[in-house]
Amino acid sequence: MQKFYITTPIYYVNSKPHIGHIYTTIAADTIARYHRMLGEQVFFLTGTDEHGAKIEKMAEKIGKKPQEFVNEISAKFQFIWDELNISNNRFIRTTEKAHIQAVQNSLQYLYDKGDIYLSKYKGLYCRECEQFKNEKDLVNGKCPEHNIEPEKVEEECYMFKMSAYQDRLLKLIKNDKLKIRPKKYKNEVLSFYKNGLKDVAFSRKNVKWGIVLPWDKSQTTYVWADAFLNYLTGLGWDGDVKKIPEMWPAYVHLIGKDILRVHTSIWPAMLLALNLPLPRQIFVHGFFLVNGKKMSKSVGNVIDPEDLISAYGTEATRYLLISATHFGDDSDVNLEKFNKKYNADLANGLGNLVSRIITMASKVQNSELDMQFKDIKELNSIVKIDKILQDYKKRFQDLEIDIALDLVQKVVKKCDSYISKVKLWELASKDNKKFCKILYNLLEILYIIGWMCLPFMPEIAWKIWKQLGIDIDNELKKSLNNIKIDNLELNFKIKKGDILFPRLKAL
Ligand code: MSP
């Protein structure tokens, strides 16, 4: 069976989840669900990154013990993933005992092998990025990401010999053995490699909230070294380099562009040092902005995910975020845009189409529309659905998930205009046979729309199928690869359900 392992970054628990976090996670969930839909063996990992100076300081500021603080925030992430129907196979927390032990085992291995050595580090550290910065990365002396001055750090610490892996890594990136997508980000990484990779500080003396180094208890592990290993420990890896987890290597790590450099330098260098295979692909998505500005609490332009869920519901929130931008690009978002899109695509688009067709079909005697009405030629004149499905699969393969989603709208529009063109509602009394034939074809298309919605809005897919009288459990055992119009032998038993997307209350 084909294996598919996908990850999100693990999120810092210095504050509750924001729209950027939910975007990455919904995207990963959509891709994971798609691969399950192909019948593959899927493992989808997300979790929380709970150590480091940033979290230590935040806990101190609000007068809580770090463990108590991270427990609370991590629970908020888990709660919102439930609300958003996120189907992760595992939620990893870096404060779990097994993770801590595995980090210690693997760092001990690197220390014994000479890849980690004692030194002194002098440099600038941005606590918000949890990264050392070069002078030339700063703008007016400040970290451009967080607009704060990094602190000067000079302390004894253990360094990781990242420079030793530079040439091998560069080659692997160049020839796409470690694929970085979209391409513009591969180019960015290649130009960043031109300056050469330097060794990186892998421990901190003055940060107590971290994983203690097994050979020197006065130092804690650099939070990124700890965090990266989650991609392995989340699979149950215990730090023994001879035991590679069954699902490793990852098919794709999804990340935001802010953490591209570390993911294409420190992480693969650690893997080479551990003699483990590299992930196949790193896919970088853009940022959500509000009126061109990065969302931030100080600017006061943060969109709270809970507000989205209460305004639009889980399924529509998923839809609106995925359709907000081409996957990989930045996007400017605001509630007005979301409202418009909700009304156009969901309430008046998909929701209305389903309701119109189901209403007409429920008027047919016994609400039974069976195989005798099947007519592929007729169906193709509404929309060439097999071709659309092929395109849909290709888009998913290329991780163009927003374009795959847009194909649903394409089908909806084709059906709407066909219904208007043939004035279907009038045909019921004029030519019942033809009426039933067109309806049957439209129901088959709705059935396929259910499949196309499944990774994006699983509950909407189920609600559509339920109204068609489809056995959902049975449906979920099938693979999308076997869904072709010619092969379908469906008998519909219509059961009208609730409106899929209720109208929004005025802003
Ligand atoms: N803990 C590290 C990652 C360690 S992975 C081994 C971290 N965490 S974070 O909480 O800051 O979350 C980072 C991720 O959240 C980004 O990479 C991105 O996926 C997502 N986003 C954060 N802000 C975002 C936007 N404004 N827009 C879209 N996504 C962004 O970095």
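The values are calculated or read from the model by the stated rules, or taken from the named source; none is laboratory data. Worth saying up front: this structure is predicted, and the values here are computed from it rather than measured. Quick reminder, even Gly has a Cβ in these numbers, built from the backbone with ideal geometry, and neighbours come from all protein chains shown. When the accessible area is computed, the model is the full protein with side chains, heavy atoms only, and any ligands, DNA or RNA have been set aside. Shrake-Rupley method; radii C 1.70, N 1.55, O 1.52, S 1.80 Å.
Only helices (runs of 4 or more DSSP H) wholly contained in region 332-395 count here; list those with 2 or more residues that are small (Gly, Ala, Ser).
352-362
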Index of the failed condition, SER15 passing every other in (1) in a loop (DSSP other than H, G, I, E, B); (2) closer than 24 Å to TRP462 by Cα; (3) among the hydroxyl-bearing types (Ser, Thr, Tyr):
(2)
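Out of all the residues in region 242-274, which are more than 10 Å from the ligand (Cβ to nearest atom), of a type outside the set (Asp, Glu) and open to solvent by 10 Å² or more (accessible area, probe 1.4 Å)? It would help to see each step written out before you state the result.
Start the filter on region 242-274 by keeping residues that are more than 10 Å from the ligand (Cβ to nearest atom), which leaves 242-252, 261, 264-265, 268-274.
Checking which are of a type outside the set (Asp, Glu) leaves us with 242-245, 247-252, 261, 264-265, 268-274.
LYS242, LYS243, ILE244, PRO245, MET247, TRP248, PRO249, TYR251, ARG261, LEU272 - these are the residues of region 242-274 that are more than 10 Å from the ligand (Cβ to nearest atom), of a type outside the set (Asp, Glu) and open to solvent by 10 Å² or more (accessible area, probe 1.4 Å).
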Which residues, taken from region 1-23, are among the β-branched types (Val, Ile, Thr) and either touching a strand residue (DSSP E or B) at 6+ places or on another chain (Cβ under 6 Å) or away from the ligand (no atom under 16 Å from the Cβ) (or both)?
ILE6, THR7, THR8, ILE10, VAL13, ILE19
Among the numbered conditions (1) open to solvent by less than 40 Å² (accessible area, probe 1.4 Å); (2) assigned to a helix (DSSP H, G or I), tell me where ASN187 comes up short.
(1)
Residue, nearest to the chain's Cα centre (by Cα), within region 59-118, restricted to residues that are of a type in the set (A, V, I, L, M) and in a loop (DSSP other than H, G, I, E, B)
ILE86
Residue tally, condition over 30 Å from ASP112 (Cα atoms) and within 16 Å of the ligand (Cβ to nearest atom), over region 125-136:
1
For residues in region 275-302 being small (Gly, Ala, Ser) and away from the ligand (no atom under 12 Å from the Cβ), which is nearest to the chain's Cα centre (by Cα)?
GLY292
Name the pairs: first residue in region 440-459 and under 12 Å from LEU480 (Cα atoms), second residue open to solvent by 10 Å² or more (accessible area, probe 1.4 Å) and polar (S, T, N, Q), Cβ to Cβ under 6 Å, at least 6 apart or on different chains?
none
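Evaluate region 154-167: report whether one residue or more is assigned to a loop (DSSP other than H, G, I, E, B), closer than 19 Å to ASP115 by Cα and either open to solvent by 40 Å² or more (accessible area, probe 1.4 Å) or in contact with a strand residue (DSSP E or B) (Cβ under 7 Å, 6 or more places away or on another chain) (or both). Walk me through how you get there before you give the answer.
As a first pass, look at region 154-167 and keep what is assigned to a loop (DSSP other than H, G, I, E, B): 161.
After this cut, where a residue has to be closer than 19 Å to ASP115 by Cα as well, the list is 161.
Pick out the ones that are also either open to solvent by 40 Å² or more (accessible area, probe 1.4 Å) or in contact with a strand residue (DSSP E or B) (Cβ under 7 Å, 6 or more places away or on another chain) (or both) and you get 161.
Looking through region 154-167, at least one residue is assigned to a loop (DSSP other than H, G, I, E, B), closer than 19 Å to ASP115 by Cα and either open to solvent by 40 Å² or more (accessible area, probe 1.4 Å) or in contact with a strand residue (DSSP E or B) (Cβ under 7 Å, 6 or more places away or on another chain) (or both).
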Would you be able to say whether some residue in region 35-43 is within 12 Å of the ligand (Cβ to nearest atom) and either within 22 Å of GLU96 (Cβ to Cβ) or open to solvent by 10 Å² or more (accessible area, probe 1.4 Å) (or both)?
no
Residue count for region 133-153, restricted to those that are under 17 Å from LEU197 (Cβ atoms) and buried (at least 19 other Cβ atoms within 10 Å of the Cβ):
0
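Within region 396-440, can you find the residues that are of a type in the set (Asp, Glu) and either closer than 17 Å to ILE385 by Cβ or under 21 Å from the mean Cα position of the chain (by Cα) (or both)?
ASP398, GLU400, ASP402, ASP406, ASP416
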Can you tell me which residue within region 441-489, out of those that are outside any helix (DSSP H, G or I), among the aliphatic types (A, V, I, L, M) and under 24 Å from the mean Cα position of the chain (by Cα), is surrounded by the fewest Cβ atoms within 10 Å (Cβ to Cβ)?
LEU476
In region 303-339, anything farther than 18 Å from ILE255 by Cα, within 12 Å of the ligand (Cβ to nearest atom) and surrounded by 16 or more Cβ atoms within 10 Å (Cβ to Cβ) is listed as ILE303, PRO305, VAL333
Check whether at least one residue in region 205-217 is within 13 Å of PRO279 (Cβ to Cβ) and either within 16 Å of the ligand (Cβ to nearest atom) or within 22 Å of the chain's Cα centre (by Cα) (or both), and report yes or no.
no
The residue from LEU235, LEU229 that alone is open to solvent by 20 Å² or more (accessible area, probe 1.4 Å) and within 17 Å of GLY47 (Cβ to Cβ) is LEU235
Please count how many residues of region 392-402 are out of contact with any Pro (no Cβ under 9 Å at 6 or more places or on another chain), within 12 Å of MET452 (Cβ to Cβ) and open to solvent by less than 50 Å² (accessible area, probe 1.4 Å).
2
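For region 77-111, name all the residues that are under 19 Å from TYR158 (Cα atoms) and open to solvent by 10 Å² or more (accessible area, probe 1.4 Å).
ILE100, GLN101, GLN104, ASN105, GLN108, TYR109, TYR111 - these are the residues of region 77-111 that are under 19 Å from TYR158 (Cα atoms) and open to solvent by 10 Å² or more (accessible area, probe 1.4 Å).
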Can you name the number of the only condition in (1) among the aliphatic types (A, V, I, L, M); (2) open to solvent by 50 Å² or more (accessible area, probe 1.4 Å); (3) more than 26 Å from PHE77 (Cα to Cα) that MET360 fails?
(2)
Being within 14 Å of the ligand (Cβ to nearest atom) and either β-branched (Val, Ile, Thr) or under 20 Å from TYR117 (Cβ atoms) (or both) is the filter here; which residues of region 218-241 pass it?
THR221, TYR222, VAL223, TRP224, ALA225, ASP226, PHE228, LEU229, THR233
Of the residues in region 44-75, those that are open to solvent by 10 Å² or more (accessible area, probe 1.4 Å) and in contact with a Pro (Cβ under 7 Å, 6 or more places away or on another chain) come to GLU56
